Amino acid sequence: MKEITQKIQVMFSELGDSQYGGEAVSQLEHALQSAQLATDAKASQELIVASLLHDVGHLLHALPDDAPEKGIDDMHENLAKEFLDRYFTAMVTEPIHLHVDAKRYLCRREDGYQALLSEPSLLSLHLQGGPMNEEECLVFEQHPHYQAAIQLRKYDDAAKVPNLQVLPIEHYLNMIEAIAL
Ligand SMILES: [Fe+2]
């Protein structure tokens, strides 16, 4: 088994129970629901794995679960990219890196999107710079992985359902093995 596959298993078994930033699900539940939504949508293997791992940045720092309530942006999208870059191609790491910007983009570009965000997500939006302006949207659209980031963001936003039955993490280990560098 590759080093990263083992690391992912260990991280989620040790830290997956932590609360997903003020939401009604744990980090593991959130990750598995995101990956399930990507799977159901027949997304690429890379986007499924990106969905599973998009919030590992939250598991890589020692800040408390409620950091946003204290006015702290944990910059988890950057932490995740730094950690994952050694193990995956940009097809996995860039949608993860951009998933916060995707929220800021959708707030500007998609009618009704912001109104559907959860309370914790709105709180972090504020810390992350708020909705993009028009110029920022145009720059974002130049990124080769921006559409994948938007897809990931939609799975992310919907992956907050308490007690949902989903595939376990073991289901994704072969996929991680197959696409990891
Ligand atoms: Fe998330």
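Laid out as a table, the results:
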{"read-out": "Residue pairs meeting the criteria (Cβ under 7 Å; at least 6 apart or on separate chains; first free of Cβ contacts under 8 Å to residues at least 24 places away in the same chain, in segment 26-50; second within 16 Å of the ligand (Cβ to nearest atom) and small (Gly, Ala, Ser))", "value": "SER26/GLY16; SER26/SER18"}
{"read-out": "Subset of segment 1-16 [assigned to a helix (DSSP H, G or I) and touching a helix residue (DSSP H, G or I) at 6+ places or on another chain (Cβ under 6 Å)]", "value": "THR5, MET11, PHE12, LEU15"}
{"read-out": "Selection from segment 91-127 of residues that are under 21 Å from GLU69 (Cα atoms), among the acidic types (Asp, Glu) and either in contact with a Pro (Cβ under 9 Å, 6 or more places away or on another chain) or surrounded by fewer than 18 Cβ atoms within 10 Å (Cβ to Cβ) (or both)", "value": "GLU119"}
{"read-out": "Answer residue from segment 17-40, given it is assigned to a helix (DSSP H, G or I) and touching a helix residue (DSSP H, G or I) at 6+ places or on another chain (Cβ under 6 Å) and is farthest from MET175 (Cα to Cα) among those", "value": "LEU28"}
{"read-out": "Those residues of segment 15-38 which are among the polar types (S, T, N, Q) and either under 14 Å from the mean Cα position of the chain (by Cα) or within 12 Å of the ligand (Cβ to nearest atom) (or both), in sequence order", "value": "SER26, GLN27, GLN33, SER34, GLN36"}
{"read-out": "Residue satisfying condition, being under 18 Å from PRO162 (Cβ atoms) and surrounded by 22 or more Cβ atoms within 10 Å (Cβ to Cβ), within set ALA50, ALA35", "value": "ALA35"}
{"read-out": "Where GLN147 falls short, out of the listed (1) loosely packed, with under 15 Cβ neighbours inside 10 Å; (2) more than 15 Å from the chain's Cα centre (by Cα)", "value": "(2)"}
{"read-out": "Filter result (surrounded by fewer than 22 Cβ atoms within 10 Å (Cβ to Cβ), among the aliphatic types (A, V, I, L, M) and in contact (Cβ under 8 Å) with a residue 40 or more places away in the chain) within segment 1-25", "value": "MET1, ILE4, MET11, LEU15, ALA24, VAL25"}
{"read-out": "Matching residues, segment 39-49, being within 15 Å of the ligand (Cβ to nearest atom) and β-branched (Val, Ile, Thr)", "value": "ILE48, VAL49"}
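Read-outs throughout are calculated quantities, based only on the coordinates presented, and are distinct from any laboratory measurement. Given the structure is predicted, the values throughout are model-derived calculations rather than measurements. Virtual Cβ from ideal backbone geometry, glycine too; neighbours counted across all protein chains shown.
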